[in-house]
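The values are calculated or read from the model by the stated rules, or taken from the named source; none is laboratory data. Nothing here was measured: the structure is a model prediction, and the numbers come from that model. As a convention, Cβ positions derive from the backbone with ideal geometry for all residues, glycine included, and neighbour counts pool all protein chains shown. Protein only, heavy atoms only, side chains kept; ligands, DNA and RNA dropped before computing areas. Shrake-Rupley method; radii C 1.70, N 1.55, O 1.52, S 1.80 Å.
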Amino acid sequence: MPKFSRSAVLSILLILAVTFTMRMTTNMLMTSIPVLAKFTLLASTFLTALPVVMYAVTGLLANLFLNGRIRASRIAISIAASLFVMALSLPLFYLAQNIWEVAAIAAVDGLSMGLVPPLLLTMISLAYEDIRDNVLGFYTSALSISLIAGTFMQGFLLSSISVSVRDLFLYFFPVPLISAFLMLILAAKIKIDDGGQRRNISTSTIIRTIPRLFRNRGFNFGFYGNLTYSFPFVIIMTYGSLIAKYYSGLSPAMFFYALTSFFFVSMITRLSMSFRPPENRYRLMFVSLAFTIAGFVALTLSRNPYEFVISMILLGFPHGSIYPIATMSVSSSVQKSEISIAFATFNIIFNILNLALPAAFGYIAQIATIRIAMLVMIAPMAYISYESIRNGIAIRRQRSVITAD
């Protein structure tokens with residue numbers, strides 16, 4: 001394992017603390033807003049996805065028009081400002097009286113928070129080049145730990161303290177504030193050197209670079225693998241509480257507890273990858289994609305709480321493994337000048353999926369059933385996973401040829 005200097009350890013701990021508090025809050029928003037919309041504001045199944053769609057639209061716009069214009073030296077300050085905006089939005093969710101108000105507030109959140117994940121990944125890739133894979137592993141582990149803590153806290157508040165779903169937004173209000181202040185402290189300590197290559201990257205430059213990225217097999221391997229897993233993740237975050245209630249008989253509070261098992265398995269997977277990055281990321285990705293398809297099929301067919309939890313456990317492993325493999329693959333296969341655009345592309349496509357998938361899923365569920373909507377999703381998941389596997393096999397063959405020469 002590489003040696004970490006004292007200053008590096010301190011800055012890494014601050015990044016992990018920011019990641020923990022930020023992701024705890026965004027996950028609460030992703031899972032609680034649909035519950036608020038469906039069971040408190042009594043929105044239809046289709047309109048339940050509207051806040052998620054608005055979040056995705058503004059997140060997409062932020063990545064297209066703002067991300068590339070943020071200089072490397074301003075990344076930390078930009079993240080802190082985004083976190084302050086998210087904190088201010090939580091009391092507004094508490095006060096919202098209808099689905100349209102919730103959607104409008106979610107749109108503001110998407111504009112600010114759409115920037116944070118790609119900027120954090122860019123910061124790590126540029127500031128810790130020598131120990132990048134380890135720090136990325138720690139970063140993804142912090143994501144998993146925060147998801148466990150956040151979902152357990154949601155379940156505990158709803159079931160044991162008996163607060164309402166609406167009250168959750170006030171209980172979580174201090175969390176993003178802490179995250180923003182920690183990022184301000186980090187901004188004074190961390191130095192990011194991009195060799196002068198991240199200077200006012202225009203939207204047209206981002207658009208021109210994206211086709212070149214998709215000719216890079218290392219980028220495609222990570223991108224398609226991560227995109228495959230985005231299908232079950234988006235569906236669980238948006239409609240998981242409905243699936244759990246209607247097919248497995250779980251209340252929203254019990255759904256959050258079941259979700260804890262999902263994030264616990266993910267955390268164990270990511271922690272093991274943090275301390276020992278995978279020697280064969282291709283084989284691990286192939287196994288993870290198989291677990292993704294199998295776990296989603298199990299979720300689709302679940303009929304009671306036990307089967308629902310088993311599907312969460314199966315899906316927890318690829319949730320823990322695919323994202324770290326994807327970020328490692330992308331950061332090691334693109335040029336330094338393209339790292340920011342590569343991670344922005346990740347977020348852009350994910351935002352498009354967040355825009356299209358909940359709406360399409362909700363429409364199918366509205367005219368048929370939620371279970372039929374889930375069955376329809378299996379075909380595109382299988383095709384996208386095939387694209388990741390195909391690119392991974394091509395990379396392995398190419399390296400075998402080079403080694404033989």
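Observations on the model:
- Residue match in region 84-98 (condition: under 23 Å from Lys245 (Cβ atoms), open to solvent by less than 10 Å² (accessible area, probe 1.4 Å) and either assigned to a helix (DSSP H, G or I) or aliphatic (A, V, I, L, M) (or both)): yes
- In region 314-337, the residues that are in contact with a helix residue (DSSP H, G or I) (Cβ under 6 Å, 6 or more places away or on another chain), part of a helix (DSSP H, G or I) and over 15 Å from Arg270 (Cβ atoms): Leu314, Ser329, Val330, Ser331, Ser333
- Matching residues in region 329-338 - criterion: being closer than 15 Å to Ala127 by Cα and open to solvent by less than 10 Å² (accessible area, probe 1.4 Å): Ser331
- For region 288-321, a tally of residues being aromatic (Phe, Trp, Tyr) and without any contact (Cβ under 8 Å) to a residue 40 or more places away in the chain returns 2.
- Complete set of residues in region 26-72 that are among the polar types (S, T, N, Q), open to solvent by 30 Å² or more (accessible area, probe 1.4 Å) and in a helix (DSSP H, G or I): Thr40
- Single residue of Thr260, Thr238 found to be touching a residue at least 60 places away in the same chain (Cβ under 8 Å), open to solvent by 10 Å² or more (accessible area, probe 1.4 Å) and either among the β-branched types (Val, Ile, Thr) or farther than 30 Å from Phe214 by Cβ (or both): Thr260
- One residue from Asp167, Asp133 being in a helix (DSSP H, G or I) and surrounded by fewer than 17 Cβ atoms within 10 Å (Cβ to Cβ): Asp167
- Count of region 37-70 residues which are of a type outside the set (A, V, I, L, M, F, W, C), closer than 18 Å to Asn351 by Cα and at pLDDT below 85: 4
- Residues satisfying the stated conditions in region 360-402, i.e. closer than 29 Å to Phe65 by Cβ, surrounded by 18 or more Cβ atoms within 10 Å (Cβ to Cβ) and among the hydrophobic types (A, V, I, L, M, F, W, C): Phe361, Ile384
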